[in-house]
Amino acid sequence: MSVINWFPGHMHKARKEIAEVMPHVDVIIEMLDARVPFSSENPLVPALRGTTPCIKLLNKADLADPAITELWIAELEKTQGVKALPVSQQNPEQIRQLLQMCESLAPEKNASIHPARAMIMGIPNVGKSTLINTLVGRVVAKTGNEAGITKSQQKIKLDNGFLLTDTPGFLWPKLTPPSCGYRLAITGAIKDTVFDYADIALYAAEYLLKAYPESLKERYKLESLPESDIELLEAIGVKRGCTSKGGGVDIQKVSSLLINEIRTGLLGRITFETPEITTQEVIDAKIADEIKAKEKEEADRIRRLKTRKNRR
């Protein structure tokens, strides 16, 4: 598995600006992608927020597996000061619950004297700007179906005096475990030019074969499923006519088709990780890092010995 990372300069700037504003915030709203709650949860947020109450919004819940979303809500709320709420842009009533939840987490604030101040954070393309436009009732934040639209902070005052600070979507320098990068690429949080479609499509195909075989059969009219990821892409390519000039399956074309249909929900409601899966991945990543550190330490030791020997 190759490593997928995306951390352009404006994200580093965004992190610094968020740290400066954080002491003046009453409630943090961190938007997650309900299809990848762990992978879209920024590991830098706990240190930035300290004890500030935090609402984890599982956005795009209409695209995620509802049973697994419930597991994630329970998992996220194990952290003190954290509340979790699944939302969809298609359901304004859920979004209205957000303001009520913010007010309950900042009860000492009086709307007429000292209105509550909230900061909205999240990875690129998770839906922060669309949420703000829904809350305000008009377009005040630029939106787009690609990562990295918002580049700077902006403050928005709602009719009830509630003050929202919108922040640019930002990732973190190292996406770990490596599977996080793949999931974020699949769901559209990473700019498409950073990765190869075939690479992430193979990852998605392998997962879907295990977790959602019936969804694959129904969507692509497959009587039976192949055993491997590449065979699945080839089978889908045959069904959808994704062929090259030579008559074979065009892997890049079918990969793009599969990823786009995942992103738009055409395969049904799919979640790409569970608390159990990610817990094990974190353990495995830690072990891998420890092995890598020991190997580096040993390589450095050997290099030092050789240097001393050459000096004699």
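The values are calculated or read from the model by the stated rules, or taken from the named source; none is laboratory data. If you're wondering where the values come from, they're calculated on a predicted model, not measured in any experiment. Heads up, the Cβs are rebuilt from the backbone with ideal geometry, glycines too, and the neighbour counts pull from every protein chain shown.
For region 82-94, how many residues meet the condition of being within 19 Å of G265 (Cβ to Cβ) and among the β-branched types (V, I, T)?
The number of residues fulfilling the criteria is 1.
Within region 277-312, how many residues turn out to be over 21 Å from A205 (Cβ atoms), within 21 Å of the chain's Cα centre (by Cα) and of a type in the set (D, E, K, R)?
Summing the residues that are over 21 Å from A205 (Cβ atoms), within 21 Å of the chain's Cα centre (by Cα) and of a type in the set (D, E, K, R) in region 277-312 gives 2.
What is the residue count in region 273-307 for residues that are in contact (Cβ under 8 Å) with a residue 24 or more places away in the chain and of a type in the set (V, I, T)?
3
So E290 ticks every box in (1) modelled with pLDDT under 95; (2) within 25 Å of R183 (Cα to Cα); (3) in contact with a Lys or Arg (Cβ under 8 Å, 6 or more places away or on another chain); (4) not basic (K, R) but one. Which box is left unticked?
The one condition E290 does not meet is (3).
Check off (1) β-branched (V, I, T); (2) under 17 Å from the mean Cα position of the chain (by Cα); (3) within 24 Å of F162 (Cα to Cα) for T69 and give me the number that stays unchecked.
(3)
Can you report the number of residues in region 270-312 which are more than 30 Å from E218 (Cα to Cα) and among the β-branched types (V, I, T)?
7
Looking only at region 265-312, how many residues end up being farther than 20 Å from L58 by Cα and in contact with a helix residue (DSSP H, G or I) (Cβ under 8 Å, 6 or more places away or on another chain)?
The total comes to 2.
Please enumerate the residues belonging to region 186-201 that are among the hydrophobic types (A, V, I, L, M, F, W, C), more than 10 Å from the chain's Cα centre (by Cα) and at pLDDT 90 or above.
A198, I200, A201
Suppose we filter L32, L44 for residues that are in the same structural domain as V126 (by TED's automatic domain parsing) and modelled with pLDDT under 90; which single one remains?
L44
When you scan region 58-96, how many residues do you find that are more than 17 Å from V126 (Cβ to Cβ), of a type in the set (G, A, S) and in a helix (DSSP H, G or I)?
2
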